[in-house]
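FYI, it's all coordinate maths here, none of it is from the lab. The shown structure was predicted, so the numbers you read here are calculated from the model rather than taken from an experiment. For neighbour counting, all protein chains shown are included, and Cβ atoms are generated from backbone atoms with ideal geometry for every residue, glycine included.
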Amino acid sequence: MEKVRTAVIGLGARGQSLIKPLLLGMDNCEIVAVCDLYQDRVDLIMSQIKEETGKDAFGTTDYKEILALKNIDAVLVMTSWETHVKIACEAMEAGIPTGLEVGGAYDLEECYDLVKTQVKTKTPFMFLENCCYGRYEMMAMNIVKQGLFGEIVHCEGAYQHDLRTEVLRGEELRHYRLNNYINRNCENYPTHELGPIAQILDINRGNRMLYLTSMSSKSVGLNDYARLHPDTIQGKFADMKFNQGDIVTTNIMCSNGATISLMLDTSCGRPYSRNFTVHGTRGMYREDGNYIYFDTDFDEASHWNWSPNWNNALDVYAEKYDHPMWKKFLADGLRGGHGGMDYLVYNEFFNYVINGGKSPIDVYDAAAWMCITPLSDISIREGSRPVEIPDFTLIK
Ligand SMILES: NC(=O)c1ccc[n+]([C@@H]2O[C@H](COP(=O)([O-])OP(=O)(O)OC[C@H]3O[C@@H](n4cnc5c(N)ncnc54)[C@H](O)[C@@H]3O)[C@@H](O)[C@H]2O)c1
């Protein structure tokens, strides 16, 4: 197989941002079928496929029709958080290699379902966490694996993304986040930051997350934004009760003694960051400022004047420490959204479907990273009590 005949289920913001600009131009993929609950989204993508490739794709509003197709090699599930695990499980039951877009789980049972279904069916599965392919995440990983930060004792990460308009325009955008922010209060989007951290800390590969505690701030950011925009569709949420706290902080203890700190910060004004931080005994990397520090380069004369000891990773170290995958990617020509990591994660998926072997991000990773959401919900409701994180790798 040279090209993976691919079906895409879920044609909202993510589907639309991937299909025309990226997937239709990839050498190892051909989109042959698409599905969304909304007919207009199906029509839009079908017309884009015809325009770009000259071919007609199959389109439907019923995902079960997709899973019954005989002419597909893989399915990409990009639907809402409420539906994507169920659809991914049904796809695996149908024996169709499955790529699942990211998001936190709704409950713990979903995580068990995902693992048990993959273990039972042995259908190839990959969790499509693009941030595991970010340039700096991979550079830090490269440095960690060479031992240059010493022993890693703590990592931090965040989803710090001003989503006030996306949430408040949810009805107009037909987007699921609005309902989530009204009804839930949890670390609702942990995997962008936790994925790369878990890989660095060898989670599920000798190390594991034991328990977490979560704390939520008050919820005022969305109401404040709505009050500032009284004459827009967002204004009607001025007095709406949102359950979702503006800042949710989650701390995780690992079996090897390292700790992880996560933050969800999506309802207040701020610039984007994943605040990716890796701290070892002999050095550290911090995304904000793109700072990197090595003990070996410590400038004693600047001991109290800290700034010369914070080297900018791009200026000083990128050439030396870029991950080999990124060195090749830069040489070949960067492509795809989110700084190139969308291309890399989808390229990995299609190559995995073509060549087989081990999943680059397997179902145990998906379950471990996604389960943080329902567990943080419990911890927040119960006074930030520690909540145990299951070891999904025991399911064989
Ligand atoms: N990796 C990334 O950088 C990234 C970025 C954005 C979104 N996402 C993920 O992609 C997924 C989709 O997010 P989005 O922002 O596109 O949401 P969205 O609401 O814009 O789109 C979701 C689409 O799924 C469709 N859908 C829901 N249930 C369905 C069903 N049963 N059958 C068929 N279609 C169904 C909806 O009609 C909608 O069009 C989420 O899991 C999200 O976390 C990932």
Open item on the list: Please rank THR249, THR266, THR281, THR53, fewest neighbouring Cβ atoms within 10 Å first, as an exposure proxy.
Closed with: THR281, THR53, THR249, THR266
Open item on the list: Pick from ASP62, ASP288, ASP231 the residue whose mean-square fluctuation is largest in a GNM of the chain, springs joining Cα atoms under 10 Å.
Closed with: ASP231
- [ ] Could you work out how far the C-alpha centroid of the stretch 337-368 sits from that of the stretch 233-287, in angstrom?
- [x] 24
- [ ] Starting from the stretch 48-152, pick out the trypsin sites (Lys or Arg not before Pro) whose DSSP state is loop and whose Cβ has at most 16 other Cβ atoms within 10 Å.
- [x] LYS55, LYS70, LYS122
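Give me the percent relative contact order of the chain, please, defined on Cα pairs under 8 angstrom at least 6 residues apart.
Details: 817 pairs, mean separation 83.1, N = 396.
Relative contact order, the chain: 21 percent.
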TODO: Using label points projected 7 Å from each Cα along Cα→Cβ, tell me how many nm separate THR53 and GLU2, to one decimal.
DONE: 1.5
Task: Where Cα atoms sit under 27 Å apart: lysine pairs in the stretch 4-129 separated by 8 or more or lying on different chains - done: 20
- [ ] Give the Rg/Rh ratio for the stretch 4-129, taking Rg as the radius of gyration of the Cα atoms and Rh as the Kirkwood radius, to two decimals.
- [x] 0.95
Task: Per-residue [θ]222 nm for the chain (sum of -39500 (n - 2.57) over DSSP H runs n ≥ 4, rounded to 500) - done: -10000 deg cm²/dmol
TODO: Give a residue-ordered list of calculated ³J(HN,Hα) values for the stretch 87-97 (Karplus: 6.51 cos²θ - 1.76 cosθ + 1.60, θ = phi - 60°; whole Hz; x for Gly, Pro).
DONE: 5, 4, 5, 5, 5, 5, 4, 7, x, 9, x
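Please report the projected area of the chain's Cα convex hull averaged over all directions, in nm².
On the way: hull surface 82.8 nm².
Projected area, direction-averaged: 20.7 nm².
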Open item on the list: Relative contact order of the stretch 4-129, please, whole-number percent, based on alpha carbon pairs below 8 angstrom and at least 6 residues apart.
Closed with: 23
Open item on the list: Cross-link candidates for LYS236: which lysines have Cα within less than 30 Å, leaving aside residues fewer than 8 places away along the same chain?
Closed with: LYS218
Open item on the list: Under 5 Å between amide hydrogens, which residues at least 5 positions from SER219 or on another chain qualify, with H placed 1.01 Å from N in the peptide plane?
Closed with: ASP246
Open item on the list: I'd like the distance between the alpha-carbon centres of the stretch 71-90 and the stretch 194-226, rounded to an integer number of Å.
Closed with: 24
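Grab the beta carbon distance between GLU82 and LEU334, set R0 = 41 Å, and tell me the FRET efficiency rounded to 0.05. Don't skip to the answer; put the middle values down first.
Details: r = 34 Å, r/R0 = 0.83.
After rounding, the FRET efficiency stands at 0.75.
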Open item on the list: Taking amide H atoms as placed 1.01 Å from N in the peptide plane, list the residues 5 or more away in sequence, or in a different chain, whose amide H sits under 5 Å from that of PHE125.
Closed with: THR98
TODO: Using amide H atoms built 1.01 Å from N in the peptide plane, name the residues 5+ places from ASN204, or on other chains, whose amide H lies under 5 Å from its own.
DONE: MET209
TODO: Neighbouring Cβ atoms within 10 Å as the yardstick, rank ARG286, ARG381 fewest first.
DONE: ARG381, ARG286
Task: Fully extended contour minus Cα-Cα distance, from LYS358 to GLU319, at 0.36 nm per residue - done: 11.1 nm
Open item on the list: Give me the three principal axis extents of the stretch 192-254 from the C-alpha atoms, as integers in angstrom, largest value leading.
Closed with: 55, 19, 11
Task: Cα centroid separation - the stretch 138-159 against the stretch 319-334, whole Å - done: 18
Open item on the list: Using a 7 Å offset from the Cα along the Cα-to-Cβ direction at both ASN243 and ALA13, what is the distance between the two label points in nm, to one decimal?
Closed with: 2.1
Open item on the list: How much of the DSSP bridge set in the chain is antiparallel, in percent, rounded to the nearest 5?
Closed with: 55
TODO: Return the sequence-ordered ³J(HN,Hα) values of the stretch 164-173 in whole Hz as given by the Karplus equation 6.51 cos²θ - 1.76 cosθ + 1.60 applied to θ = phi - 60°, using x for Gly and Pro.
DONE: 4, 6, 4, 5, 6, 9, x, 5, 5, 7
